[in-house]
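First comes the structure, then the notes that go with it.
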Amino acid sequence: MGSKKRARRWGVLLVAAGLLFFVLSKVTAFPEKEVSKPGGAPADTKAAAAAGGKPQGKVVYLTFDDGPSEWTGEFLDVLKQNNIKATFFMQGSNLKRTNLQDQVRRAVREGHYVGAHSMTHQYKKLYDEKQFVPEMKQTLSLIHQITGENPHLVRPPYGSAPGLNDKRLRDQIVQAEIKVWDWTIDSNDWNLKNRPSEIVDNIKKQTKADLEVVLMHEKPQTLQVLPEIIDFYKQKGYQFAVYDETKHFHLNFMKDHRL
């Protein structure tokens, strides 16, 4: 009988030890789960969000305003020869000119981005009379009619400052799901009709960052020096980029991250 009691005692002890091991294993598991989720989001996701969609490395965006024009085709020729895609901001009054619409379609077909630059380009109408959003929507609609694309990016004539100082106007832009791009380099090409070399000098002097967005216009003097501008950026080790709506990053003088 003594041996039976001892056997039962050992059995009870073994069961108790098993239960204790099970409980301890569950308790120690909880802290490990908490440690594995320190902020609710993986580190790589946070890093991507912090980058804001901006490309890495030395990248330049060539952008051209005020088209389409009689020179659009020649701009496209130079870009094609250099296998470069660019971003065009076109004006509604010019988009209505049926003789220029084939070049707009060609731009899209060859991989360039076509955004809006308003219908009238008139400061008073756009900003003082608060017609910015209606004009941009009308211009974007024209681009859609011509190309079948549905762009959302616009460039404010004269830049977003001071025109878009009024937050209520910017709220309207956000509501309309329109995005805004200014620039990092102003070539001042529109004002240098007989001094094309100064266009290149302006761009060279202002090129300082790894990411640059160059403001140019569809002007003959700009067309004349475009190959030189392209060569300059190639020599500096820049990659040429075209605007991509899926990788939008904010670039406006108002520093409004919503735009």
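The values are calculated or read from the model by the stated rules, or taken from the named source; none is laboratory data. None of the values given here were measured: they were computed from a predicted structure. We place every Cβ from the backbone using ideal geometry, glycine too, and count neighbours over all the protein chains shown. The area values use the complete protein model at the heavy-atom level, side chains included, leaving out ligands, DNA and RNA. Shrake-Rupley method; radii C 1.70, N 1.55, O 1.52, S 1.80 Å.
Considered as a group, the residues in segment 222-241 that are open to solvent by 40 Å² or more (accessible area, probe 1.4 Å) and touching a strand residue (DSSP E or B) at 6+ places or on another chain (Cβ under 7 Å) include one that is farthest from Ala176 (Cα to Cα), and that residue is Gln239. Do we find a residue being in a helix (DSSP H, G or I), within 27 Å of Gln175 (Cβ to Cβ), among the hydrophobic types (A, V, I, L, M, F, W, C) and modelled with pLDDT of 95 or more anywhere in segment 111-118? So far as segment 111-118 goes, no, none of its residues is in a helix (DSSP H, G or I), within 27 Å of Gln175 (Cβ to Cβ), among the hydrophobic types (A, V, I, L, M, F, W, C) and modelled with pLDDT of 95 or more. Selection of segment 137-186 for residues being charged (D, E, K, R) and either under 20 Å from His121 (Cα atoms) or in contact with a Phe, Trp or Tyr (Cβ under 8 Å, 6 or more places away or on another chain) (or both) yields Lys137, Arg155, Asp166, Arg170, Lys179, Asp182, Asp186. The set of residues from segment 121-142 being buried (at least 16 other Cβ atoms within 10 Å of the Cβ) and not in a helix (DSSP H, G or I) comprises His121, Gln131. If you filter segment 143-176 down to residues that are of a type in the set (Lys, Arg) and not in a loop (DSSP other than H, G, I, E, B), you find that the one that is surrounded by the most Cβ atoms within 10 Å (Cβ to Cβ) is Arg170. The residue of segment 61-84 that is surrounded by the most Cβ atoms within 10 Å (Cβ to Cβ), among those that are over 12 Å from Ala107 (Cα atoms) and of a type in the set (Asp, Glu), is Asp65.
Is it the case that segment 196-217 has a residue that's touching a Phe, Trp or Tyr at 6+ places or on another chain (Cβ under 7 Å) and farther than 20 Å from Gly237 by Cα? Checking segment 196-217: at least one residue is touching a Phe, Trp or Tyr at 6+ places or on another chain (Cβ under 7 Å) and farther than 20 Å from Gly237 by Cα.
Count of segment 85-103 residues, restricted to those that are surrounded by fewer than 17 Cβ atoms within 10 Å (Cβ to Cβ) and basic (Lys, Arg), is 2.
Just one of the numbered conditions (1) more than 26 Å from Leu79 (Cα to Cα); (2) open to solvent by less than 20 Å² (accessible area, probe 1.4 Å); (3) assigned to a helix (DSSP H, G or I); (4) among the hydrophobic types (A, V, I, L, M, F, W, C) is not true of Ala107: (1). Residue under question is Lys247, and the condition is that it be more than 21 Å from the chain's Cα centre (by Cα) and loosely packed, with under 14 Cβ neighbours inside 10 Å; does it hold? So Lys247 fails the test.
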